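What follows draws every value from the coordinates through simple rules; no lab data is involved. Owing to the predicted nature of the structure, the values given are computational and were not obtained by experimental measurement. Cβ sites come from the backbone with ideal geometry, for glycine too, and all protein chains shown count toward neighbours.
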Amino acid sequence: MTQEFSAADLQKALRQQQNEINDFAIYSVLATLQQQDKNKKIFEKIAREEQQHYKFWRGITQRELAPQNWLVMWYVLLVKLLGTSFALKSLEKKECGAEAFYKELFELYPQAKAIYHQEVHHELELIDMLQDKKLLYTGAIVLGMNDALVELTGTLSGIALAFDNTLVVGATGLIMGIAASLSMAGSAYLESKENPLQEISALSYSGYTGVSYLVTTAVLVMPFFVLDAMAAALALMFALALVAIVLYTFYISVAKGLSFTQRVLQMASITFGVALISFFIGYAVKYFLGVEV
């Protein structure tokens with residue numbers, strides 16, 4: 001069948017064929033690692049579909065291809081570290097690049113239309129049905145991280161103008177952050193107890209909340225311990241806060257299929273808006289009370 005293709009189209013077909021055998025191997029490995037029957041059946045179903053897609057391309061290219069083991073292990077590792085929703089939706093996004101090529105084949109190979117539909121719709125619907133515990137706990141991570149970003153950037157901005165010593169600002173922020181992380185963890189534990197979900201452990205939920213708050217605190221106060229200039233420390237703190245917002249929003253936008261730009265702007269506006277207000281409060285305290293350390 002390769003006579004229907006130009007040399008360039010044949011290379012595209014081989015790349016797509018390689019993607020399909022890679023995806024088949026990834027989903028097959030994940031199926032064997034699953035303990036939940038529901039997830040196992042979904043992985044097996046997607047693996048069978050990917051295998052059929054591979055056979056379709058093999059019939060066109062007349063070539064046998066083997067999975068790229070390094071890529072298979074990479075996505076299995078991503079699933080372990082970041083959860084199934086993020087890793088597998090990242091994997092499926094690769095298929096978007098094949099959209100135009102599939103459409104070129106609709107008239108020549110009618111089966112390509114069904115495969116294309118499975119790739120861009122059905123498989124994502126199946127992934128949405130997976131029970132992803134890491135995604136269930138993102139609410140706890142959001143709670144801890146958002147509160148830390150808003151409260152600590154605001155607090156540090158305010159006391160940075162009230163106090164002229166970066167170490168004093170950093171130490172104050174660290175003490176407040178540790179206390180707040182313990183308080184947040186306790187509140188999250190009580191909240192999850194009052195609204196129990198079978199899939200969520202109250203202790204784990206509170207742990208994710210407290211740890212995410214504590215880690216965010218450590219990132220935000222670090223500039224005040226390594227830099228002597230207050231302006232430089234504040235600038236670095238805001239830069240790190242923005243990086244944290246972008247990284248988290250990228251994760252959640254991929255995992256949940258949400259708008260990346262809209263969420264980044266929303267989180268950044270709240271965080272930096274509170275910080276700006278606190279900055280002026282700190283200026284007022286310093287000006288009217290004459291506080292200077």
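At a temperature of 10 °C and a viscosity of 1.306 mPa s, determine how fast the range 174-276 diffuses translationally according to Stokes-Einstein, using the Kirkwood radius over alpha-carbon pairs as Rh; express D in µm²/s, rounded to the nearest whole number. Spell out each step's value before the answer.
Numbers: Rh = 15.4 Å.
Approximately 103 µm²/s, per Stokes-Einstein.
Size descriptors for the range 1-82: radius of gyration and Dmax over Cα atoms are 14.4, 46 Å. The listed peptides 85-91, 208-214, ordered by packing as a protection proxy, come out as 208-214, 85-91 (highest mean of other Cβ atoms within 10 Å first). When the pairs LYS12/LYS38; LYS41/LYS89; LYS45/LYS113 are compared against a 23 Å limit on Cα-Cα distance, LYS12/LYS38 fall above it.
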